Amino acid sequence: MSEHRHFLHHKQYGYLCQFVCELPKKKLVGDLYDFPPGTMAVGRLDEHSEGLLLLTTDGKLSDYIRSRKIEKEYYAQVDGLITDQAIETLQQGVEFGIGSERYTSLPCKVTRIDDPGFPPRIRKIRGDHHGPTSWISVTITEGKYRQVRKMTAAAGFPTLRLIRVRIGHIELGDMAVGDFREVEQLFEME
């Protein structure tokens, strides 16, 4: 049996978590590093999202990490000063659309946080004259398409910036934007 390889990456804004893309002029994470054949992103971050991305050559491990057994924590900068009521609504689960289907998120952890102090994004979010923003931590076990963005919008506070900071016990920590680290192991599967 061959030995698998695993990587951590601090994904930057503007990149797709893909190795191949038919769309012209798209920036791909797969072009940033000399990955071994068969490497895949574990759970995607959309082009506009940032933060912790795990990559592996182990498909079974990828499935395990994407399962509901593993928490995923995001810091979201939202439009406006988020209310206690909106936080409670998010915690209980909100309904949003995925294509033509309606979906209600599972109960999750949501807390108001101070500005986490990440470096400015390469593309400015917006000017201060548009009003205040606030930050929340959202911890989910699901991973629906653009889920956190859809949840905050459904609660009345659209996401302006989204950064994944943790997957299970693995944290983004002090990794600089764009950095890669190869690691021996990601998770012990149960």
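Some points to look at:
Okay, residues lined up against (1) crowded, with 18+ Cβ neighbours inside 10 Å; (2) in the same structural domain as residue 178 (by TED's automatic domain parsing); (3) within 13 Å of residue 156 (Cα to Cα); (4) of a type in the set (S, T, N, Q):
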position	(1), (2), (3), (4)
76	yes, no, no, no
85	no, no, yes, yes
91	no, no, no, yes
94	yes, no, yes, no
111	no, no, no, yes
114	no, no, no, no
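- In the condition set (1) loosely packed, with under 15 Cβ neighbours inside 10 Å; (2) modelled with pLDDT of 95 or more; (3) of a type outside the set (Val, Ile, Thr); (4) not in a loop (DSSP other than H, G, I, E, B), residue 102 is compliant with all but (2).
- Selection within segment 127-155 - part of a loop (DSSP other than H, G, I, E, B) and either surrounded by 11 or more Cβ atoms within 10 Å (Cβ to Cβ) or under 18 Å from the mean Cα position of the chain (by Cα) (or both): 141, 142, 143, 144, 145, 146, 155
- Test: residue in segment 58-76 that is of a type in the set (S, T, N, Q) and modelled with pLDDT of 95 or more: no
- Odd one out for residue 177, checked against (1) surrounded by 14 or more Cβ atoms within 10 Å (Cβ to Cβ); (2) farther than 19 Å from residue 83 by Cβ; (3) not assigned by TED's automatic domain parsing to the domain that holds residue 53: (3)
- Only listed residue being among the β-branched types (Val, Ile, Thr), in contact with a Phe, Trp or Tyr (Cβ under 8 Å, 6 or more places away or on another chain) and at pLDDT 95 or above, chosen from 152, 111, 139: 139
- Strands (runs of 3 or more DSSP E) lying entirely in segment 1-73 (those with 3 or more residues that are under 16 Å from residue 170 (Cα atoms) and either in contact (Cβ under 8 Å) with a residue 12 or more places away in the chain or more than 12 Å from the chain's Cα centre (by Cα) (or both)): 6-11, 50-56
The values are calculated or read from the model by the stated rules, or taken from the named source; none is laboratory data. Quick caveat, the model's predicted, so the values are computed rather than measured. Cβ atoms come from the backbone with ideal geometry, glycine included; neighbour counts cover every protein chain shown.
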